[in-house]
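Q: Attaching a single structure in structure tokens format; questions to follow.
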Amino acid sequence: MLRECVIVDGVRTANCRAHAEKGWFRKRTPDELLTAVFDALFERNKAVKPEDVEAVFIGCANQSGMQHDIGRLAWLAGGYPESVPANTICQQCPSGMSAIEHAARAIMCGEGEIYVAGGVEDMLNVKMGQGMEPPVRLYQRYNPMELPMGPTAEKVAGMWKISSEDMIEMAYYSHKRAAAARDAGKFKDEIVPVEGENEKGEKIIVDRDQWIRDNISRESMAGLPTPFKDGGVITAAFSSPLTQGACALLLMERQKADALGLSYHLRYKGGAMAGCDPTIMGIGPIYAVRKLLDRFNLTPGDIDVVELNEAFASQALACLRELGFEENAPFKKTNLWGGALALGHPLGESGARIVITLNNIMKKDLPDARYGLAALCGGFGNANATLWEKV
Ligand SMILES: CC(C)(COP(=O)(O)OP(=O)(O)OC[C@H]1O[C@@H](n2cnc3c(N)ncnc32)[C@H](O)[C@@H]1OP(=O)(O)O)[C@@H](O)C(=O)NCCC(=O)NCCS
């Protein structure tokens, strides 16, 4: 019989601008960010010793340079036991969600009882696409100009007829809700304070997300440049920004958590990956979510809370509309504490980060809600979705 996997805890660093002069984490490295979240997990859950962990799964989209095998190397660099193995996983943006699925499935199959799963991306030290050598035959199959993320967002905006006005509303509420959640202290439980430097070079303790624009206005978003296409619609305001950040969850077999006296709110119900045309990769969640809900005979109406990564406003709106979740912002049940347009999107981290936030939203704001869904698209047309149920 399958066992149950529950979320015992989840922590993340703040998400900071991947900017050489302005980014608060510009002097941090990806292994340091990961070590900070590992440290916090064990500090907060003293009943669990690092050597009790069966394995560590870490998602990272670009595993070159400082992020080569970052899961294992950060674990060792942080002084953690050699006997605990780590597996760094790549599924582009859904990498962190993939890491969670690996752990959850292992727990359900009885391979182990305690896992750490998370993600990291430092888009300053390891740039998007850095060191990548795509197969020549890929470019015989697809137009190379259509494969980068920005152009895919433009194509989706055109095909799904997403207007600039609707994207402005979405970005506006993403920032407003993120700011409101931050000001109400809702991220306090998930953000681990880490030392950084402010814009003036002074040392600061970074315990809040850097990208949230407190002075957001609809007017300031009108008419921004469209870097991905001449005469296009996707601007910086409608794109998730380049970010540094890391996160990790403690996932456990339910009876083990009970035996250790650890509490939990959600259990893993299931996950589904789906592929789609890489030139419109942003609509992948439509297929992954449908597959997942069909498997459990659920409809979008059964889902109480949704976390859908806002890689770009166009793709997120296309997915929410096609799936029948929402038409326009302000959303009723999606990204209630803001989304990646405001919070940032450290690629391989976000798939795990949205599960941490989903868990906290359901625990704090909607304790009676039964089902939560987290989903995201990924470069080259790989999407992922996970379903969580209140225990
Ligand atoms: C879109 C992109 C190219 C913009 O890069 P950039 O020009 O360095 O962007 P910034 O966020 O610094 O914004 C530039 C300017 O636009 C304006 N701007 C951006 N967002 C804004 C908003 N929400 N409201 C008002 N103005 C905004 C500001 O004037 C900003 O300047 P500032 O730094 O002084 O505030 C970059 O964020 C990007 O590539 N994003 C996509 C990343 C990606 O593909 N991820 C994977 C997804 S699958």
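Read the figures in this text as sums done on the coordinates, not as results from a lab. Keep in mind that this is a model prediction, so the values were computed, not measured. All Cβ positions, glycine included, derive from the backbone under ideal geometry; neighbour counts span all protein chains shown.
Q: Among Gly344, Gly379, Gly223, whose mean-square fluctuation peaks in a Gaussian network model of the chain (Cα, cutoff 10 Å)?
A: Maximum among the listed residues: Gly223.
Q: Roughly how many Å is it from the Cα centre of region 257-316 to that of region 338-359, as a whole number?
A: One Cα centre to the other: 13 Å.
Q: Going toward the positive end of the dipole of the chain, with +1 on Lys and Arg Cβ and -1 on Asp and Glu Cβ, which of Leu250, Pro151, Gly231 do you reach last?
A: Gly231
Q: Enumerate by residue number the trypsin sites (Lys or Arg not before Pro) in region 16-119 meeting two conditions: DSSP loop (anything except H, G, I, E, B), and at most 13 other Cβ atoms within 10 Å of the site's Cβ. Before the final figure, lay out the partial values.
A: On the way: sites: Arg17, Lys22, Arg26, Lys27, Arg28, Arg44, Lys46, Arg72, Arg105; in loops: Lys22, Arg26, Lys27, Arg28, Lys46.
Passing both the DSSP loop test and the Cβ count: Lys22, Lys27, Lys46.
Q: Using a/c under 1.5 as the rounded threshold, could you call the chain rounded, prolate or oblate? The axes a ≥ b ≥ c are square roots of the C-alpha gyration tensor eigenvalues, and prolate needs a/b larger than b/c, oblate otherwise.
A: Rounded, because the longest to shortest axis ratio a/c is under 1.5.
Q: Taking 30 Å as R0, compute the FRET efficiency from the Cβ-Cβ separation of Asp368 and Glu322 and round it to 0.05.
A: Rounded to the nearest 0.05, the efficiency is 0.60.
Q: Follow-up question, since we're still on this one. If you stretched the chain out fully between Lys200 and Asn215, how much longer would it get, using 0.36 nm times the residue separation minus the C-alpha to C-alpha distance?
A: Values: separation 15, 0.36 × 15 = 5.40 nm, distance 2.04 nm.
Contour length minus Cα-Cα distance gives 3.4 nm.
Q: When the Debye formula is applied to the Cα atoms of region 145-262, each taken as the same point scatterer, what base-10 log of I(q)/I(0) results at q = 0.22 Å⁻¹?
A: Each listed q corresponds, in turn, to -1.23.
Q: What number comes out for the charge environment of Val391, summing +1 per Lys or Arg and -1 per Asp or Glu over other residues with Cβ under 12 Å away?
A: Residues near Val391 contribute +3 overall.
Q: Tell me which trypsin sites (Lys or Arg not before Pro) from region 146-228 have a DSSP coil assignment and no more than 14 other beta carbons within 10 Å of their own. Could you put the intermediate results ahead of the total?
A: Working: sites: Lys155, Lys161, Lys176, Arg177, Arg182, Lys186, Lys188, Lys200, Lys203, Arg208, Arg213, Arg218; in loops: Lys161, Lys186, Lys188, Lys200, Arg208, Arg213.
The qualifying sites are Lys161, Lys188, Lys200.
Q: Follow-up question, since we're still on this one. Mind giving me the nanometre distance, one decimal, between the label points for Asp302 and Gln255, set 7 Å out from Cα along Cα→Cβ?
A: That separation, rounded to one decimal, is 2.7 nm.
Q: What residue among Ser164, Ser95, Ser314 has the largest mean-square fluctuation in a Gaussian network model of the chain, using Cα springs under 10 Å?
A: Looking only at Ser164, Ser95, Ser314, the biggest GNM fluctuation is shown by Ser164.
Q: So for His175, His19, fewest C-beta neighbours within 10 Å to most, what's the order?
A: His19, His175
Q: In addition: Under 25 Å Cα-Cα from Lys229, which lysines qualify once same-chain neighbours fewer than 8 residues away are excluded?
A: Here the lysines satisfying the reach criterion relative to Lys229 are Lys127, Lys155, Lys161.
Q: Among Glu43, Glu219, which comes first, then next, by fewest other beta-carbon atoms within 10 Å?
A: In increasing order of surrounding Cβ atoms, one gets Glu219, Glu43.
Q: Can I ask one more? Sort Phe380, Phe57 so that the residue with the fewest other Cβ atoms within 10 Å of its own Cβ comes first and the one with the most comes last.
A: By the 10 Å Cβ count, ascending, the order reads Phe380, Phe57.
Q: From the P(r) of region 1-113, could you give the percentage of C-alpha pairs in the tail past 25 Å? Present the calculation step by step, with values, prior to reporting the outcome.
A: Working: 1415 of 6328 pairs.
Here the tail beyond 25 Å accounts for 22 percent of pairs.
Q: Using label points projected 7 Å from each Cα along Cα→Cβ, tell me how many nm separate Arg141 and Glu82, to one decimal.
A: About 4.2 nm, to one decimal.
Q: Right, another one. Taking 56 Å as R0, compute the FRET efficiency from the Cβ-Cβ separation of Glu51 and Ala222 and round it to 0.05.
A: Calculated transfer efficiency: 0.50.
Q: Let me ask something else about it. DSSP loop (so not H, G, I, E, B), at most 16 other Cβ within 10 Å: list which trypsin sites (Lys or Arg not before Pro) in region 297-379 pass both filters.
A: Working: sites: Arg321, Lys332, Lys333, Arg353, Lys363, Lys364, Arg370; in loops: Lys332, Lys333, Arg370.
Of the trypsin sites (Lys or Arg not before Pro), the ones in loops of region 297-379 whose Cβ has at most 16 other Cβ atoms within 10 Å are Lys332, Arg370.
Q: For region 291-391, what is the percent of antiparallel DSSP beta bridges, rounded to the nearest 5?
A: 55 percent
Q: Another question, then. Using Cα positions and a limit of under 23 Å, work out the lysines in reach of Lys256, with same-chain residues fewer than 8 apart set aside.
A: Lys46, Lys49, Lys269, Lys363, Lys390
Q: Further question: With both partners inside the chain, how many of the DSSP beta bridges are antiparallel, as a percent to the nearest 5?
A: If I count the DSSP bridges inside the chain, around 70 percent turn out antiparallel.
Q: Another one. Where is the GNM fluctuation largest for the chain (alpha-carbon springs, 10 angstrom cutoff): Glu169, Glu202, Glu322?
A: Of the options given, Glu202 has the highest mean-square fluctuation.
Q: For the chain, what does -39500 (n - 2.57) per DSSP helix run (n ≥ 4), summed and divided by total residues, give at 222 nm, in deg cm²/dmol to the nearest 500? It would help to have the intermediate numbers written out before the result.
A: Numbers: 12 runs with 127 residues, N = 391.
Rounded to the nearest 500, the figure is -9500 deg cm²/dmol.
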